[in-house]
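The values are calculated or read from the model by the stated rules, or taken from the named source; none is laboratory data. Here the structure is a predicted model, which is why all the values come from computation and not from measurement. When we count neighbours, we look across all protein chains shown, and the Cβ atoms used for this are built from the backbone with ideal geometry, even at glycine. Remember, those area values only see protein heavy atoms, side chains included, never the ligands or the DNA or RNA. Shrake-Rupley method; radii C 1.70, N 1.55, O 1.52, S 1.80 Å.
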Amino acid sequence: MLAAPAEGAKRKKGTASVHEKMLMEPDAMPVKSRQTGRLVAAQAVDAHRQHGKINNRWREGIDVSHYQGTIDWNQVARGNRISYAYMKATEGATYVDDTYAYNIREARRVGLSVGSYHFYRPNVSPQEQFDNIVSNIKANEQDLAPIIDIEHRGNVSEDRFIADLKTLIRMVEQHYGCKPLLYSYQNFYNRYLCGHFNGYHFMIAKYQDEEPILNDGRTYIMWQYTSKGSINGIRGHVDRSRIMDSFNLSQVGI
């Protein structure tokens, strides 16, 4: 999703280990067809929401962090066919993105459905990460279920990696009263997450023309198809995603 800064220090995308880099998808092939008109209006779905608002106009969305700088959300809402935006909120035990509060407030003000994501650190305890999440991601400021961004296994065993991740996901689900959305790359999912987390929705990243293929046959609600998208109101590149045709945004409402 967004390459995370290590706690206490900022780092750019791509500073993972050699093995982890092999599991990640390249940024070089954004899906041009998705950016040049293949935008399908999502059908509205009547659903009881606790407090979130669901913008069902478009199937496209973005996710942002401090790497996008100061975003002109008025221009984003006026000039782009997107319905939702996910903001980087937290990472590990202590990190809080310094644009988070501004982004979530302003994106929601202009009518987008908003959600927040936490970058998961395998070497940090689930409890410490949970404390950071709930201290900063306030349920009454969200329209969409929180995302757990899973991109690295760290230096823990595979068994501990899955067990700790399940612990954190259960804690987040209990606190927010909804299942979090889980995010990963196609190759990382197929190496580490395949067959786990049944009953949860996934956003899967693959920056190529072909849609992601998961080895366990799982369907996923969102495809992040490029990290080099262009959006009016945002300087530079931004991650873009779309809701898959058999799903709708209401299914990840909070």
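Considering only residues that are β-branched (V, I, T) and in a loop (DSSP other than H, G, I, E, B), which ones fall in segment 129-140?
The answer is I137, and nothing else.
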Among the numbered criteria (1) at pLDDT below 95; (2) not in a helix (DSSP H, G or I), which one does I148 miss?
(1)
So, in segment 165-178, exactly how many residues are in a loop (DSSP other than H, G, I, E, B) and either touching a Pro at 6+ places or on another chain (Cβ under 8 Å) or crowded, with 18+ Cβ neighbours inside 10 Å (or both)?
1
Residue match in segment 196-219 (condition: touching a residue at least 60 places away in the same chain (Cβ under 8 Å), among the small types (G, A, S), closer than 26 Å to V64 by Cβ and open to solvent by 10 Å² or more (accessible area, probe 1.4 Å))
no
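Can you give me the number of residues within segment 59-87 that are under 24 Å from N248 (Cβ atoms) and touching a helix residue (DSSP H, G or I) at 6+ places or on another chain (Cβ under 9 Å)?
13
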Tell me which of these A139 doesn't satisfy, since it passes every other one: (1) of a type in the set (A, V, I, L, M, F, W, C); (2) surrounded by 23 or more Cβ atoms within 10 Å (Cβ to Cβ); (3) touching a helix residue (DSSP H, G or I) at 6+ places or on another chain (Cβ under 7 Å).
(2)
Note on segment 220-248: residues basic (K, R) and open to solvent by 30 Å² or more (accessible area, probe 1.4 Å) are K228, R235
Which count do you get for residues in segment 156-193 that are over 23 Å from S227 (Cβ atoms) and either of a type outside the set (A, V, I, L, M) or in contact with an Asp or Glu (Cβ under 7 Å, 6 or more places away or on another chain) (or both)?
16
Before we move on, is I162 assigned to a helix (DSSP H, G or I) and either over 19 Å from G92 (Cβ atoms) or open to solvent by 10 Å² or more (accessible area, probe 1.4 Å) (or both)?
yes
